[in-house]
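I have placed the structure first, in the form of structure tokens, so that the comments after it can refer back to it.
The values are calculated or read from the model by the stated rules, or taken from the named source; none is laboratory data. Quick caveat, the model's predicted, so the values are computed rather than measured. Every residue, glycine as well, gets a Cβ built from its backbone with ideal geometry; the counts of neighbours run over all protein chains shown. In case anyone asks, the SASA skips ligands and DNA or RNA and just uses the protein heavy atoms, side chains included. Shrake-Rupley method; radii C 1.70, N 1.55, O 1.52, S 1.80 Å.
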Amino acid sequence: MSGASSSSRSPGESRLPVHATVWDDRPNSVGSESRWPAVLVHGILTWGTDPRYGFAAQRPLAARRRLLLMDRRGYGRSPGIARSDWAVDAEDVVELLGTGAHLVGHAYGGVGALAAAVRRPDLVRSLTLIQPGALRPAERHPVVAEALARARAATAALPPDLTPADFLRGATVSVGMETPEATPERLRAAATTMAELPCWDAEIDLGPLARAAFPQLLVSGDWEGAPEPYRTYAGLPLIACAEEIAEATGAAHLVVPGYYPHTQQPERVNAALEHLWDAADQGAPRG
């Protein structure tokens, strides 16, 4: 298939469908069919193709392989859900992996990707986690333990009459960040984020990943230039979390300038992804 297209995947009759935008800009050249596709899973307050927090900047990678940008339930063009969580995301990710694919997850989406890789390692050709929000596996680190306690307290203190617009504003202004325009798409994402089961408390056994044959990569920003509250409350715990997960699984760890690696440093992140994917494809050619 050549050119961009969109499709909706139905994970099964007992579950809601999930939408994935498909980008495939490959020319009809010999050998392109030997490259496994890649599934990309976004985080909170966003959707797959969002240029602000999503994977819009990864479009150049579609020149060499097929990309599936998942909209998690309640986000983008996927149907709504009363209360989503990372374990449900993992089920949808497994469906999108098909017979096999590279897997990339950012933030909350990184937790769903992590869980999917643990559940079905046979379908994963490589795993890349961009600042995953799974803090629980790294709670032995004091910075992470403090962040967990703070996150639990903040979640418990949310007022019941909080609106999506209030949440969007509070989630950004409170850490010194600019609030995105409150478009219908962004407000829907905020409403879903408000109702999600927190991902930082996800209990995921990293043992299967330490034994997995596929290559793994953790990507972090160095958080230089971030507003100080954002760096303190989010950046330092996420860096420590990535270091702990990389050590536990044997994954490589790439650190790039800034605090949104795939949007602020797309060339460096895209080059790392392409290198990882090509190396994995050569080690395990598509059958």
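Which residue out of R231, R211, R268 is under 19 Å from the mean Cα position of the chain (by Cα), open to solvent by 20 Å² or more (accessible area, probe 1.4 Å) and of a type in the set (K, R)? Before you say what the answer is, go through the steps one by one.
Details: R231 fails: under 19 Å from the mean Cα position of the chain (by Cα); R211 fails: under 19 Å from the mean Cα position of the chain (by Cα).
None of the others qualify; the one that does is R268.
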I'd like to verify a number: residues in segment 272-287 that are out of contact with any helix residue (DSSP H, G or I) (no Cβ under 7 Å at 6 or more places or on another chain) and closer than 22 Å to R52 by Cβ, how many? 1
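Tell me the residue from A240, A251, A246, A279 that is open to solvent by 30 Å² or more (accessible area, probe 1.4 Å), farther than 23 Å from D85 by Cβ and of a type in the set (A, V, I, L, M), please. Steps first, please.
On the way: A240 fails: open to solvent by 30 Å² or more (accessible area, probe 1.4 Å); A251 fails: open to solvent by 30 Å² or more (accessible area, probe 1.4 Å); A246 fails: open to solvent by 30 Å² or more (accessible area, probe 1.4 Å).
Exactly one of A240, A251, A246, A279 is open to solvent by 30 Å² or more (accessible area, probe 1.4 Å), farther than 23 Å from D85 by Cβ and of a type in the set (A, V, I, L, M), namely A279.
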Matching entry among D281, D205 (being in a loop (DSSP other than H, G, I, E, B) and touching a residue at least 60 places away in the same chain (Cβ under 8 Å)): D205
I81 vs (1) open to solvent by 10 Å² or more (accessible area, probe 1.4 Å); (2) within 16 Å of the chain's Cα centre (by Cα); (3) modelled with pLDDT under 95; (4) aliphatic (A, V, I, L, M): all pass except (2)
Test: residue in segment 4-20 that is among the acidic types (D, E), at pLDDT 95 or above and either open to solvent by 20 Å² or more (accessible area, probe 1.4 Å) or in a loop (DSSP other than H, G, I, E, B) (or both): no
Can you find a residue that is β-branched (V, I, T) and buried (at least 16 other Cβ atoms within 10 Å of the Cβ) anywhere in segment 144-167? yes
Hits in segment 119-143 (condition: modelled with pLDDT of 95 or more, part of a helix (DSSP H, G or I) and open to solvent by 40 Å² or more (accessible area, probe 1.4 Å)): R119, P121, D122
Residues located in segment 84-114, provided they are assigned to a loop (DSSP other than H, G, I, E, B) and either in contact (Cβ under 8 Å) with a residue 60 or more places away in the chain or open to solvent by less than 10 Å² (accessible area, probe 1.4 Å) (or both): S84, D85, G98, G100, A107
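Tell me yes or no: at least one residue of segment 210-230 is polar (S, T, N, Q) and over 15 Å from V104 (Cβ atoms).
Step one: list which residues in segment 210-230 are polar (S, T, N, Q), which gives 216, 220.
If we keep only those that are over 15 Å from V104 (Cβ atoms) as well, we get none.
Checked against the condition, which is being polar (S, T, N, Q) and over 15 Å from V104 (Cβ atoms), segment 210-230 yields no hits at all.
Based on what the data block shows, is R64 under 21 Å from L273 (Cβ atoms), open to solvent by 30 Å² or more (accessible area, probe 1.4 Å) and charged (D, E, K, R)?
On the way: under 21 Å from L273 (Cβ atoms): yes; open to solvent by 30 Å² or more (accessible area, probe 1.4 Å): yes; charged (D, E, K, R): yes.
For R64, the condition - under 21 Å from L273 (Cβ atoms), open to solvent by 30 Å² or more (accessible area, probe 1.4 Å) and charged (D, E, K, R) - is met.
Would you check if P180 is of a type outside the set (A, V, I, L, M, F, W, C), loosely packed, with under 13 Cβ neighbours inside 10 Å, part of a loop (DSSP other than H, G, I, E, B) and out of contact with any Gly (no Cβ under 7 Å at 6 or more places or on another chain)?
So P180 fails the test.
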Looking only at segment 64-105, how many residues end up being within 20 Å of E185 (Cα to Cα) and in contact with a Pro (Cβ under 9 Å, 6 or more places away or on another chain)? 5
Per the list (1) in a loop (DSSP other than H, G, I, E, B); (2) surrounded by fewer than 20 Cβ atoms within 10 Å (Cβ to Cβ); (3) at pLDDT 95 or above, residue check on E185 breaks on (1)
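Sort out which residues of segment 30-55 are surrounded by 17 or more Cβ atoms within 10 Å (Cβ to Cβ) and small (G, A, S), and write them in order of number.
We begin by selecting, within segment 30-55, every residue surrounded by 17 or more Cβ atoms within 10 Å (Cβ to Cβ); these are 35-50, 53-55.
Once the filter is applied, which keeps residues that are surrounded by 17 or more Cβ atoms within 10 Å (Cβ to Cβ) and small (G, A, S), segment 30-55 yields A38, G43, G48, G54.
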All but one of (1) part of a loop (DSSP other than H, G, I, E, B); (2) touching a residue at least 12 places away in the same chain (Cβ under 8 Å); (3) open to solvent by 50 Å² or more (accessible area, probe 1.4 Å); (4) farther than 22 Å from D92 by Cα hold for L197; state the number of the condition that does not hold. (4)
Given the condition farther than 21 Å from I44 by Cα, modelled with pLDDT of 95 or more and not in a helix (DSSP H, G or I), answer yes or no: does some residue in segment 228-250 qualify? yes
